Amino acid sequence: MTDNTLRSVSVERTSTGHFTATNARGGTISFGTGSEPGDTDFTPVELLLAAIGGCTAVDVDVATSRHAEPTGFAVTVTGNKISDELGNRMTDLAVTFSVSFPDGEPGDRARAILPRAVKSSHDRLCTVSRTVEIGTPVTARVADA
């Protein structure tokens, strides 16, 4: 892989069940197991759902907001966490857009392309959902200490 294609994050443990991911630009996000009472941190599964929703939201926003600024823009991502003979995994992933635009010609144009923008993101643009749907091997290894 070249430097233009490589993406990476590092994850560090901050305390029992709590971690911080840092990207190459220095951005951070905290997450955890979500198992403690009152724990509001995102879990890794919720981050996966957010990544799917966020990736496709960006694609759809770029396409539609060229025509009109949305008056409402929400994306909900759902799925079922199961454990079976294949191990723990998510099934039945679904992304639902709820987007509204102002009245008038620009809003009409944005509304008209919304279904096509969602389909384009799903079928070819959203790197996250494309990777999940197509399936990509993940290698896990222990670095030398």
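The set of residues from region 72-94 being open to solvent by 60 Å² or more (accessible area, probe 1.4 Å), in contact with a helix residue (DSSP H, G or I) (Cβ under 8 Å, 6 or more places away or on another chain) and farther than 18 Å from T43 by Cα comprises just one member, F73. Which pairs have Cβ atoms under 6 Å, sit 6 or more apart or on different chains, and link a residue in region 96-121 that is within 26 Å of L49 (Cβ to Cβ) to one that is among the polar types (S, T, N, Q) and assigned to a loop (DSSP other than H, G, I, E, B)? If the second residue must be among the polar types (S, T, N, Q) and assigned to a loop (DSSP other than H, G, I, E, B), the pairs left are S100/T71.
Which of the residues belonging to region 97-110 are within 12 Å of V60 (Cβ to Cβ) and either in a helix (DSSP H, G or I) or open to solvent by 60 Å² or more (accessible area, probe 1.4 Å) (or both)? Correct list: S98, A110. Is it true that L49 is touching a strand residue (DSSP E or B) at 6+ places or on another chain (Cβ under 9 Å), under 30 Å from H18 (Cα atoms) and either touching a residue at least 12 places away in the same chain (Cβ under 8 Å) or not hydrophobic (A, V, I, L, M, F, W, C) (or both)? Yes. The residues on offer are S83, S100, and the sole one that is over 25 Å from I29 (Cβ atoms) and either in contact with a strand residue (DSSP E or B) (Cβ under 6 Å, 6 or more places away or on another chain) or at pLDDT below 95 (or both) is S100. Any residue at all in region 122-141 that is in a loop (DSSP other than H, G, I, E, B), among the hydrophobic types (A, V, I, L, M, F, W, C), without any contact (Cβ under 8 Å) to a residue 12 or more places away in the chain and open to solvent by 90 Å² or more (accessible area, probe 1.4 Å)? So far as region 122-141 goes, yes, one or more of its residues are in a loop (DSSP other than H, G, I, E, B), among the hydrophobic types (A, V, I, L, M, F, W, C), without any contact (Cβ under 8 Å) to a residue 12 or more places away in the chain and open to solvent by 90 Å² or more (accessible area, probe 1.4 Å).
The residues of region 59-71 that are open to solvent by 70 Å² or more (accessible area, probe 1.4 Å), closer than 21 Å to C126 by Cβ and assigned to a loop (DSSP other than H, G, I, E, B) amount to a single one, R66. A single entry from F31, F42 fulfils the requirement of being under 30 Å from L114 (Cα atoms) and surrounded by 15 or more Cβ atoms within 10 Å (Cβ to Cβ): F42.
Within region 40-58, the set of residues being part of a helix (DSSP H, G or I) and touching a His at 6+ places or on another chain (Cβ under 9 Å) comprises T56 only. The residue that is farthest from the chain's Cα centre (by Cα), among those in region 89-145 that are β-branched (V, I, T) and closer than 25 Å to P70 by Cα, is I113.
The values are calculated or read from the model by the stated rules, or taken from the named source; none is laboratory data. As the structure is a prediction and not an experimental result, all values here were calculated from the model. Methodologically, a virtual Cβ is constructed for each residue, glycine included, from the backbone with ideal geometry; neighbour enumeration extends over all protein chains shown. The protein model used for the area step is the full one, side chains on, heavy atoms only, and it has no ligands, DNA or RNA in it. Shrake-Rupley method; radii C 1.70, N 1.55, O 1.52, S 1.80 Å.
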